[in-house]
Amino acid sequence: MADAEQELAELRDTVLGLAGQIEVVATDQVGPAAGAAVRDVAATVRRQEYFVVVCGEFKRGKSSLLNAIIGRPQLFPTGETLTTATLMTVRWGPQARAVAHIRTADGDEIEEEVGLDDLTRYVSTAGGSEAHRVGRVDVRLPDPRLESGVVFVDTPGIGGIDEMHATITETQLPEADAVVLVLSALRPATVGELDFAQRALATEPATIIALTMADKVIDVTDRVDRARERLATYLNLPPGDLTVLPVSSTDAWAARRAGDEARLAASGLPELEHRIWTTLLSQAVARRLRGAVDALLRRLAEASAPIASELTALAGPAELEQVLAELDEDERRAIDARHELADEGRFQREFTDRVDGIEQIFRDRIDEVIQRIEAATAEDATPPTPQQLELLARTATVAGPQAFAALKAGVGALAADWEGRIKSRLRVLDLSPQDGLRVPPPPRPVRERPEFSETVASGAQAAGTTSAAVTAFTTAVGTLIGGPTGAVFGALTGAVTGLASFFGGVLDQIRRTNARAQARQLRDYREQVLTSLRDHRSNTLSLLEETRQRLLQNLKLQLRTLNRSQLEAIDQARQRVQASARATAERKAARAEVLRGQHDLIAGHAAGLHAVARTLAEVGARVRPGAGAP
C-alpha cells in the first residue's frame, strides 16, 4: 500500500505539471476562460482534503462508530433518544476546537465557538430549535492521522420522521470523495437502505460498508456474506467489488479500557481504521486524479479543434470546401437558434413546460400540513402537546428546498436541450434561498398557580358543602364514645375533615386553572405555527416566482450571448480559412508547420495524460474496492 501512495503522489505532481502547460495552450488557442478552467482543475488536485461521508439510516451506530475511530467517546452525539440533526465535520487542526455555523433570524450566517463538551446542543435532536438553526459544526483535532487530509463528515440519519435530515445527507453525496455506508448486523439492509446505497454510489466514490453491532450476532461471517450478496444483487455489482467490514464500537471501547489487544482486534475497528487510512484514502486520491485527467483531456480537445480545422483548410481545395461547408452549416444552426430565441412566446412556453406545477405541489404540501394541524387541534380531537405540534409543522420544512430543487432541475433540463442545439455548455444559477420555514419553538410547560384569594374561597366553599355531613359524623362518634373524650375526638375529626376538604378544593382549582392555561397556551402556539406556515407559503411562492423569472432571464441572456459569440467565432474562422486559402504556397507551408507544432504539443500533453490514466488504472486495480475483503 505504501508503494501505491508513493505512485499516487508522483502522479499528482505529473498532473499538476501538465496542467500548467495545458493552461498556456488553452489560453492561447481558446481564450482566458479556458485557461481559468484549467487552473480550477489544478486547484482541485492541489487541495489535499478528502471528504469521507459517514451515512446510513438513523440508529445504525454512525456516531458511535465515528467516536470509536476518532478515539473520543462523547464527541459525536449518541444515545437512545439522541440522533444527529445536522452536519458535523472533523479534520486536523493544531488545537482541539469547534465552530458552529448558525443561521440568524434575518438569514445571515454567524460563526460561534463552542466547547467540545457542548456539541450535543448544536448537532443533535436534543438541541431542539437551537440545532435547527445550525448549518454545520466544524471540529478540528490535533490527531496525527487526520494530517493525511481525511475529513470525516457525520450526517443525519435517513429514514426518520424528519425529511430534512435525509435532504441534508443527500446533498453531501456529490461532494464525497469516499463514503462509509453504515448498516446493522442485526437485520438485513432495508429497501430504503438499498435505494440510498444506490444513490450514494452513483458518482462512484471510494466506498466501505461498515456492518455495526457485530457483537450482538452469533455468526458474524454469515451476516457479512449475506449483506455483501444483498447489496451486490441490488446494485448489480460483483460481490468482490464490495468491501464489507464487521465492527463493534462497544467491544472496541471495552477492549481499550481493559488494554485487551486481542479483543480490540476482534472488534473489527483496527481493520476498519487501516482500510480508511490506506485503501479508502488511496481510492479517493486516484478518483480525484482520474477526474482531473478527464477534464484536462476535454480542454485539450477544445484547443486542438481550431488547429485541426485550419490544417485541413491548408491541405487543398477539396478540404477547404469541406471546412467552409461545415462552417456554413454551423452558421445556419446558430441563425436558427437566434430566430428561436427571438420568439419570446415559444421560449416562454418551453420554459413553462419544464417547470409547470412546481408551485402547486409546494402549495399542496404546506396546505396538507396546515390541515393536519387544524385536525389535530379540533374540539373533538385529543389535544396534542406543543412539542407534537412543532414536530408536525417541521414536516413542512423540506417542501421549500424540494420546490427550488425541482425548479432548478426543470431549468437544467431546458438548458440541456439548448446545449444540444447550440453545442455549448450553459450554467444554471443556484438561487435557492438559504433561509426556510422557521417553526416557533414550543412554549414551556404550564407552571401557573391560581390567585391565592381564588383558591382560599374555593377551598372554603368546598369545606362548607360538607359541614352538615361532618357535624352528623362527629355527633354520632361523640355519642358512642361519650364524655369529654368523645367531644375532643369529634372536634378533631371535624377539623381534619374540613381541612382535607379545603385543600381538595385548592388542588381542584389549581387543576382547572392549569387546564385552562394549557388550553390557552396550545391555542396561542397553534396560531403561531399556522401563521408561520402561511407566511412561509406566501413568501416561498413569491420567491419561487421571482426565482423563476430570474432563471428565465439569465438563461435567455446566456443563450443570446453564446449565440452572438458563436456567430462571431464562425465568421472569424471563415475569414481565417479563406485567408489561408489565399496565401502563397510558401506561406501555407510555413503556417502548416506552425500548426503541426502546436498540434504535436497538444498531442504530447494528451499522451502524458493517457499515461497517467493507465497508471491510475493499475494502481486502482491494486486498491480496488473489495480487494482482500474478509
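The values are calculated or read from the model by the stated rules, or taken from the named source; none is laboratory data. Because the structure is predicted, anything quoted here is derived from the model rather than measured. No Cβ is skipped: glycine too gets one built from the backbone with ideal geometry, and neighbour counts run over all protein chains shown. These accessible areas exclude ligands, DNA and RNA; they are computed on the full protein's heavy atoms, side chains included. Shrake-Rupley method; radii C 1.70, N 1.55, O 1.52, S 1.80 Å.
Quickly rank 59-69, 259-269 as a protection proxy: mean count of other C-beta atoms within 10 Å, highest first.
59-69, 259-269
On the protein heavy atoms, probe 1.4 angstrom, tell me the percent of accessible surface of segment 21-93 carried by carbon and sulfur.
In segment 21-93, the share of accessible area belonging to carbon and sulfur is 53 percent.
If R0 is 60 Å, what FRET efficiency do you get for Ala36 and Arg516 from their C-beta distance, rounded to 0.05?
About 0.35, to the nearest 0.05.
Which percent of the accessible area of segment 280-371 is formed by carbon and sulfur heavy atoms (probe 1.4 angstrom)?
It is 49 percent, rounded to a whole number.
Order 111-120, 187-196 from most to least packed using the mean count of other Cβ atoms within 10 Å.
Those peptides, ordered most packed to least, come out 187-196, 111-120.
Straight-line reach from Lys59: which aspartates and glutamates fall under 14 Å, measuring Cα to Cα and dropping same-chain residues less than 8 apart?
Counting by Cα, and skipping residues close in sequence, Lys59 has these aspartates and glutamates nearby: Glu80, Asp154, Asp162, Glu193.
Kindly report the accessible area of segment 256-401 per residue (heavy atoms of protein chains, probe 1.4 Å, no ligands, DNA or RNA), in Å².
Each residue of segment 256-401 exposes 51 Å² on average to a 1.4 Å probe.
For Glu273 and Gln348 in the same chain, what is the full-extension length gain: residue separation times 0.36 nm, less their Cα-Cα distance, in nm?
Extra length from Glu273 to Gln348 when fully extended: 21.5 nm.
So if each residue of separation counts as 0.36 nm, and I subtract the Cα-Cα distance between Asn554 and Thr104, what length gain in nm does that give?
Separation in residues times 0.36 nm, less the Cα-Cα distance, equals 159.1 nm.
Skipping prolines and chain starts, which residues have an amide H placed within reach, meaning under 5 Å, of the one on Val134, given they are 5 or more residues away or on another chain?
HN-HN under 5 Å from Val134: Arg103.
Compare the peptides 597-605, 17-25 by average per-residue count of other Cβ atoms within 10 angstrom and give them in order, highest first.
Ranked by mean Cβ neighbours within 10 Å, highest first: 17-25, 597-605.
I want to check the label-to-label distance for Leu194 and Ser538. Put each point 7 Å from Cα in the C-beta direction and report it in nm to one decimal.
4.8
Compute the length gained on full extension between Glu147 and Arg72: take 0.36 nm times their separation in residues and subtract their Cα-Cα distance, giving the result in nm to one decimal.
25.3 nm
Would you list which lysines come within 30 Å of Lys556, measuring only between C-alpha atoms, while excluding same-chain residues fewer than 8 positions from it?
The qualifying lysines are Lys408, Lys423.
Near Asp222, within a Cβ-to-Cβ distance under 14 Å, what is the net charge of the other residues, with Lys and Arg +1 and Asp and Glu -1?
+3
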